[in-house]
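The values are calculated or read from the model by the stated rules, or taken from the named source; none is laboratory data. Here the structure is a predicted model, which is why all the values come from computation and not from measurement. Cβ sites come from the backbone with ideal geometry, for glycine too, and all protein chains shown count toward neighbours.
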Amino acid sequence: MEKVIKGHPHIQLKFDNAAIETLKVRSEEFYLSMNKRRSVREFSSKSIPKEIIENIVKTAATAPSGAHKQPWTFCVISNPDLKKKIREAAEKEEYESYQNRMSDQWLKDLEPIGTDWEKPFLETVPYIIVVFKKIYDEEEGQKKTNYYVNESVGIACGFLISAIHQAGLATLTHTPSPMNFLSEILERPKNERPFLLLPVGYPAEETYVPKLDRKGLNEIAEFYS
Ligand code: IYR
């Protein structure tokens, strides 16, 4: 069913009104599945069909965005030379950060996670996804502002990480800093800024992750009934 509302075409929403019991089961199952997600820092080089990555990126792009501007570009890198370049540039920045730019407190906070400046996974993984935010669009030579760009692209990255996990793969939310080298290596246009870098693959055969707890519901939520 289509309808014109205030001069603009609309379609009737096809909403799956499932029974409450179904909602309970689905919401719990989804939580239990998402609660198994862990950030991984050691990856296998096992290959992954491109189609799976395409589905994951399409899922990320179902995110809501300010005025539906979809202000994102997902760069999917499988080219070994580019992965090498990205690793070298990221490690150069990270080395500087760990040696000189990060505070003692920051380094102390990272100790339990066991990170350092070395990022070999950037070459090991079959894919790196670099998410760029589009601070404006260019239409017929005119600059058109995008809205809530950080929120929109942040939400899309949440969808992306969830899609990677739901597919049965692992990733890491990696933010080398500063990361303008990604614009140069990937030759991005000037309206795009790097937002997040995600290596995507299978975890290495025997991978250990930090023993962490998640905050309980009473620590993260306030209910106003
Ligand atoms: N970007 C660095 C440092 C780093 C910072 C935070 I906050 C982390 O949670 C993890 C790492 C790195 O990727 O090592």
- Residue list for the stretch 158-178, restricted to those being away from the ligand (no atom under 16 Å from the Cβ) and over 10 Å from the mean Cα position of the chain (by Cα): His165, Gln166, Ala167, Gly168, Leu169
- Query: When the stretch 77-94 is examined, which residues are found to be hydrophobic (A, V, I, L, M, F, W, C) and within 16 Å of the ligand (Cβ to nearest atom)?
  - Reply: Ile86, Ala89, Ala90
- Just one of the numbered conditions (1) buried (at least 16 other Cβ atoms within 10 Å of the Cβ); (2) at pLDDT below 95 is not true of Glu140; which one? (1)
- Selection over the stretch 133-166 where residues are touching a residue at least 60 places away in the same chain (Cβ under 8 Å) and assigned to a helix (DSSP H, G or I) yields a count of 16
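Within the group Ile128, Ile164, which residue is modelled with pLDDT of 95 or more and in contact with a Pro (Cβ under 9 Å, 6 or more places away or on another chain)? Before you say what the answer is, go through the steps one by one.
On the way: Ile164 fails: in contact with a Pro (Cβ under 9 Å, 6 or more places away or on another chain).
Criteria check complete, one pass: Ile128.
So which of Val76, Val40 is modelled with pLDDT of 95 or more and either part of a strand (DSSP E or B) or acidic (Asp, Glu) (or both)? Break it down stepwise before answering.
On the way: Val40 fails: either part of a strand (DSSP E or B) or acidic (Asp, Glu) (or both).
So the residue among Val76, Val40 that is modelled with pLDDT of 95 or more and either part of a strand (DSSP E or B) or acidic (Asp, Glu) (or both) is Val76.
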- Task: State whether one or more residues within the stretch 197-216 are under 17 Å from the mean Cα position of the chain (by Cα), within 16 Å of the ligand (Cβ to nearest atom), under 27 Å from Gln99 (Cα atoms) and of a type outside the set (A, V, I, L, M).
- Result: yes
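From Ile48, Ile53, grab the single residue that is surrounded by 15 or more Cβ atoms within 10 Å (Cβ to Cβ), part of a loop (DSSP other than H, G, I, E, B), within 21 Å of the chain's Cα centre (by Cα) and more than 11 Å from the ligand (Cβ to nearest atom). Give the steps one after another, and end with the answer.
On the way: Ile53 fails: part of a loop (DSSP other than H, G, I, E, B).
Of Ile48, Ile53, the one residue that is surrounded by 15 or more Cβ atoms within 10 Å (Cβ to Cβ), part of a loop (DSSP other than H, G, I, E, B), within 21 Å of the chain's Cα centre (by Cα) and more than 11 Å from the ligand (Cβ to nearest atom) is Ile48.
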- Query: When you go through (1) within 16 Å of the ligand (Cβ to nearest atom); (2) surrounded by fewer than 17 Cβ atoms within 10 Å (Cβ to Cβ) one by one for Tyr148, which number turns out not to apply?
  - Reply: (1)
- Task: Could you please give the count of residues in the stretch 78-119 that are among the β-branched types (Val, Ile, Thr) and touching a helix residue (DSSP H, G or I) at 6+ places or on another chain (Cβ under 6 Å)?
- Result: 1
- Which one is farthest from the ligand (Cβ to nearest atom) among residues in the stretch 104-119 that are in contact (Cβ under 8 Å) with a residue 40 or more places away in the chain and either among the β-branched types (Val, Ile, Thr) or outside any helix (DSSP H, G or I) (or both)? Gly114
